[in-house]
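> The structure that follows is given in the form of structure tokens.
The values are calculated or read from the model by the stated rules, or taken from the named source; none is laboratory data. No experiment lies behind these values; they were computed from the predicted model shown. Cβ atoms come from the backbone with ideal geometry, glycine included; neighbour counts cover every protein chain shown. Quick note on the areas: whole protein, heavy atoms, side chains included, nothing else; ligands and nucleic acids left out. Shrake-Rupley method; radii C 1.70, N 1.55, O 1.52, S 1.80 Å.
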Amino acid sequence: MMKSVNPFNGQLLYEFEELNEPQINQKIEAAHKVHLSWKNTTFSERSILMHEAANVLRNNKEDFGKIITLEMGKPITQAIAEVEKCAWVCEYYAHNAEDFLKNELIETDAIKSYVSYEPLGVVFAVMPWNYPFWQVFRFAAPGLMAGNTAILKHASNVMKCGETIQKVFELAGFPKDVFINLPIKSDKVENIIKNPLVKAVTLTGSKPAGSMVASTAAKEIKKSVLELGGNNAFIVCKDADLEKAVSTAVNARYQNTGQSCIAAKRLLLHEAIADEFLEKYINAIKEKKSGDPLDEETYIGVMAREDLAKELESQVNDSVAKGAKVLLGGKREKAYFEPTVLTNVTEDMPVFKEETFGPVIAVVTFKTLEEAITISNNSDFGLGVSIFTKDIAGFEAHISKFNEGAVFVNDMVKSDPRLPFGGVKISGFGRELSHHGIKEFVNMKTVYIN
């Protein structure tokens, strides 16, 4: 049995019986069978259903938010906001999918030539626990609108979320088996990718998981998209609006208790404003309430599992042993880790080199923008970077120097249905969201008529 446990109090929430191989194959066959009819529905028909999915999400956001909170510890107000964002992505693709995938006429020597965008079939998603609704919907909304069907292997500690997401599509009126949740563990993933009825795979998760999925997909000659970890820098220049930078930096690091691939993990401060910034920053963090994730006043809850908190504790302790100074926090109690600020950080420390998936930020100072860019790029990751400066016109010339999938100026890195999302280096490949994301899992068919 697969078990879901509340990370705040350790209580058993749900139990799920894992599917065996024959049952998994039956589910895949069902998703393939319905694809044969689903792909022939009109965009208008799909749009009506996707709008209804948005309605189901909004009408049940408190109940769905509570499921998220109980399973992985996200503060309840943030969990409800996550459900609302899922409704947004459903509406976005309901409105725009037809336009994104319309035939693209291209002038050639032919009487008529164009590119058509056709669905691939069954797409397999391997999704994480940190945004257990959002990560799934940002794949499912464009995928279903494109005419694909979907099967989901969710993280083992959020199986109720996976089950609930399937119910959202069922309640919205989608045909049975267009979206199927598979209660399985990770050891079943490889064989699913190898199944000939599965045409592509997308994963959001760790580098080891991404490497396994991508290598298996490559051996089977199947498309894959990977959204992996991040070690984002948050750069504050000497001329920055400090009040805005402080407020944004707190959210960028400690939202979702720091458990986000695009969280600000390395805080790069110009030495002229470092002391003032840190004083304001620490005061702002202290104003945020930690506690029961179901309390609407709680901003920082527990981490999703105690073993994850222990791993973060080890990264902090190893860095302190190398000379880092704990300016705030640093202590763990079961799955709760205090919001933590480390200074005197050097580039050989775990909190600088590795992804810290929790409420810990590493502070480094710099003298020039060129130095800040060098420090920021000194990472195996390349998901995103934030820069705060008033000299926007002057800074734009430097954007190409960042080895990142996204550069956000005077804001935190975030995902938005209207913009492509993804990284470079070991942060993955391919893009989700926008018109780019919906085209990842379609056949771009060249048509030439003479």
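> Length gain on complete extension for the stretch D187 to D307, per 0.36 nm per residue less the alpha carbon to alpha carbon distance?
Roughly 41.2 nm would be gained on extension.
> Using the heavy atoms of the protein chains and a 1.4 angstrom probe, tell me the accessible area per residue for the chain in square angstrom.
Spelled out: the 1.4 Å probe surface of the chain, per residue, equals 42 Å².
> Would you rank D380, D411 by solvent-accessible area, highest first, keeping every protein chain in place and using a 1.4 Å probe?
Greatest to least solvent exposure: D380, D411.
> Sorted by mean Cβ packing within 10 Å, highest first, what order do the peptides 119-125, 247-253 take?
Put in order of decreasing packing, that is 119-125, 247-253.
> Please report the carbon-and-sulfur percent of the accessible area for segment 127-189; probe 1.4 Å, protein heavy atoms only, DNA, RNA and ligands left out.
The nonpolar share, carbon plus sulfur, comes to 53 percent.
> Follow-up. Against the longest principal axis of the chain, how steep is helix 242-254, in degrees 0 to 90 to the nearest 10, with axes from Cα atoms?
60
> Would you mind checking which residues have amide H under 5 Å from N443's amide H? H placed 1.01 Å from N; only 5 or more apart, or other chain.
Distant-sequence amide H within range of N443: E118, L120.
> Of I361, I111, I392, which has the most accessible area with a 1.4 Å probe, and how do the rest follow in descending order?
I111, I392, I361
> Okay, next question. Out of the DSSP beta bridges found with both residues in the chain, what percent are antiparallel (nearest 5)?
40
> May I pose another question? Using 30 Å as the Cα-Cα cut-off, could you pick out the over-long pairs in K176/K223; K185/K331; K27/K439; K310/K414; K61/K194?
Violating the 30 Å limit, Cα to Cα: K185/K331; K61/K194.
> If you don't mind, there's one more thing I want to ask. Taking R0 as 30 Å, what FRET efficiency do you get between K219 and V447 from their Cβ-Cβ distance, rounded to the nearest 0.05?
0.45
> How much net charge surrounds F234 when only other residues with a Cβ under 10 Å from its Cβ are counted (Lys, Arg +1; Asp, Glu -1)?
Around F234, the charge tally is +3.
> Grab the beta carbon distance between V320 and E45, set R0 = 45 Å, and tell me the FRET efficiency rounded to 0.05.
It comes out at approximately 0.15.
> Divide by every residue of the chain the summed helix terms, -39500 (n - 2.57) for each DSSP H run of at least 4, and state the resulting mean residue ellipticity at 222 nm, rounded to the nearest 500 deg cm²/dmol.
Rounded to the nearest 500, it is -12500 deg cm²/dmol.
> Multiplying the sequence separation of V409 and K334 by 0.36 nm and subtracting their Cα-Cα distance, what value in nm do you get?
23.3 nm
> Something else about it: Can you pull the one-decimal nm distance between simple spin-label points at Q26 and D63, each 7 Å off the Cα toward Cβ?
2.7
> Whose amide H sits under 5 Å from the amide H of I235, counting only residues 5 or more places off or on another chain, with H placed in the peptide plane?
Counting only residues 5 or more places away or on other chains, the set is L268, S386, I387, F388.
> Starting from the residue with the highest accessible area, list R46, R418 in decreasing order, probe 1.4 Å.
Sorted descending by solvent-accessible area, the residues read R418, R46.
> For K289 and E104, what does the FRET efficiency come to when R0 = 60 Å and r is the distance between their Cβ atoms, rounded to the nearest 0.05?
Once the sixth-power term is evaluated, E becomes 0.70.
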